[in-house]
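Okay, structure first, notes after.
Please treat every number below as a calculation from the coordinates, not as lab data. Please read these numbers as outputs of a predicted model, since none were measured by experiment. FYI the Cβ positions are ideal-geometry reconstructions off the backbone, even for glycines, and counts take in every protein chain you see.
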Amino acid sequence: MSIDSTTDRAAWPEDAVEVGRIQGAWGIKGGIKVLPFSGQPEALLASSNWFLKAPEDKPRPAGSPALPAMLSVASARDQGELIVATVSEVTDRNVAESLRGARIFVSRSSFPAAAEGEYYWIDLIGLAVLNRAGEALGAVESLIDTGPHSVLRVLQATGTEPEPVERLIPFVAAYVDQVDLPGRRIVVDWALDWGLDD
């Protein structure tokens, strides 16, 4: 069996965000298992189209069918730490298994709206971080999930140090005063020298 090649003509979204990776086949009728990159995989579950890229770290097995550019999601649901899904283009377990390792992207515009006071990580990365005095602390490079809360990993380039200064700021109300997405900035209660090595 082969994958429906009509999906190869799908236009890659300009706002594509990587949200998971195919782990292999699920069931005997071509279902797939997906490892989401977030503990709250609403974007995966809400998107009707998943765009695919081959894994960067491992070549696909010789003889594998061509990787489609897009999968049309017929159904998707949580199953523990994984998402299990059926897609229109795959009805055979062997073909589903051949997708193992494929990276899944969805359009940012297809994400469900976040609740008030909640934010998608992808929207925070790159935002400038300032303290209450207006001093620049750097920009959000990534976030770290600690379980109880997330931590902003903020990097600041300096003219005197070969490596940027790193600050780890808990993303909680005690330290975060304002998240201004349109203004591309976060205001925090954090001094310039907090958390830095002596």
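Below is a table of values for the structure above.
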read-out	value
Phi to ³J(HN,Hα) by Karplus 6.51 cos²θ - 1.76 cosθ + 1.60 over the range 64-75, Hz, x for Gly, Pro	5, x, 4, 6, x, 6, 8, 10, 8, 7, 8, 7
Within the chain: Cβ-based charge dipole about Cα centre, in debye rounded to nearest 20 (Lys, Arg +1; Asp, Glu -1)	1020 debye
Cβ-derived FRET efficiency at R0 25 Å, residue 37 paired with residue 136, nearest 0.05	0.30
Length gained when the stretch residue 175-residue 116 is fully extended (0.36 nm per residue, less Cα-Cα span)	19.5 nm
Sites residue 78 and residue 189 - FRET efficiency at Förster radius 30 Å, r taken between beta-carbons, to 0.05	0.25
3J(HN,Hα) from dihedral phi, the range 176-193, Karplus parametrisation 6.51/-1.76/1.60, rounded to Hz, x for glycine, proline	9, 7, 7, 10, 10, 5, x, x, 6, 8, 10, 9, 10, 8, 8, 7, 4, 9
Under Karplus coefficients 6.51, -1.76 and 1.60, residue-wise ³J(HN,Hα) of the range 95-111 in Hz, glycine/proline x	5, 4, 5, 5, 7, 3, x, 4, 8, 9, 10, 10, 6, 4, 5, 8, 5
